[in-house]
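*Asks:* Take a look at this one; I'll ask things after.
Every read-out reported here was derived from the displayed coordinates using simple, explicitly stated rules and does not represent laboratory data. Being a predicted model, the structure only gives us computed values, none of them experimental. Counting neighbours? That spans all protein chains shown, and the Cβs are built from the backbone with ideal geometry, glycine included.
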Amino acid sequence: MIERRFGLGRRTLILGIFIALVVGVVLFVFLRADLGSLLNALGKANYSFVLLAFGAYIFTTITLATRWRISLSATGHSVGIHNLWLIVFGSIFINNLTPFTYSGGDPLARLFILRKTQHVPYSSGSASIMSEYLLDLPVSISLLMTGILLHFCRTPLAKLIVATIWIAVMILLFTLIIYFFPKRTGASWLGRSIIRILKVFRRPVSRREVMGGVKRFYARAQAITNRPKIAFFMFIFAVIAWALALTRLFFIFQALGFDPPLPMLLLGITLPPMAGLLPLLPGGLGHVDVTYVAVFVLLGAPLEIAILVTFIERVISLVFGTIIGAGALSYLGIRAWAKQISKA
């Protein structure tokens, strides 16, 4: 018991120190900027481009809902895009209010809301979401590697090293997609891992139930990944979603009268979400913002422009996304409650 408390206290101390460092860096960055210049530039911004950025954000969520509908349909469940769009925004709301910026609402809450509102089994929902992630990774990693190649690789040797890493990661990902799901060894490995995790947390374990759930998950996942047409369309929608994210960032820069180079856009849409995987403050406040500013400044943007682009981007994705997500969750909850009343 004492060792456990000591370990918890040590982790809390490390987390507190890390958060303090992040807050210190944020304060340092903002103190270096001229507040008057920031307000002046914000007042002169072209808000037509800001509205276009808002529109790109909305279309991104619609694209995500459409891709999800395709993957769910392959598992035998037909859910309307409107309902999935509401669930996507509901997960965004939970993402923005928890430290697990890109791993709390999506995929966990998204899966839970889907089960509660559309009665889709966890095995089908998790298979559809997992297949999305697997087919999304090649796109996001390719964008990241392209940005690194275009900006940082000045010598043939550096380009060769990055290209080799890129190819190796792609081979690994496609091997995972093609080999891992169709093989029973993958199901057995996942089942054993879940059982071990449950035992660590001293939860009741039924090997039969765990393996049955894993097998159902694999059956649904194979229904997606073993159908080239479904996988192809999901990949295309992943490309569209990332293209819209890049377009949104481009519009924000244009609103401030700055022409960003392509590597700045590519790294600006990939590195901050990666930083958001680290659970610290709700919505990734602090470390995600610092990552945005650092990427933009490192790749040549003035500090004031980097701060304002980050501010507008976070207003769209954090503030606007949270407000719409709260409305979506409320609507889904009221509708589910109304259905229960009508059945009674």
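*Asks:* Could you compute the net charge surrounding Phe253? Neighbours are other residues with a C-beta less than 12 Å from the C-beta of Phe253; K and R count +1, D and E count -1.
*Replies:* Residues near Phe253 contribute -1 overall.
*Asks:* Still on this structure, please answer the following. Sticking with the crude label model, points 7 Å out along Cα→Cβ, report the distance from Leu262 to Val297 in nm, one decimal please.
*Replies:* About 2.7 nm separates the two model spin labels.
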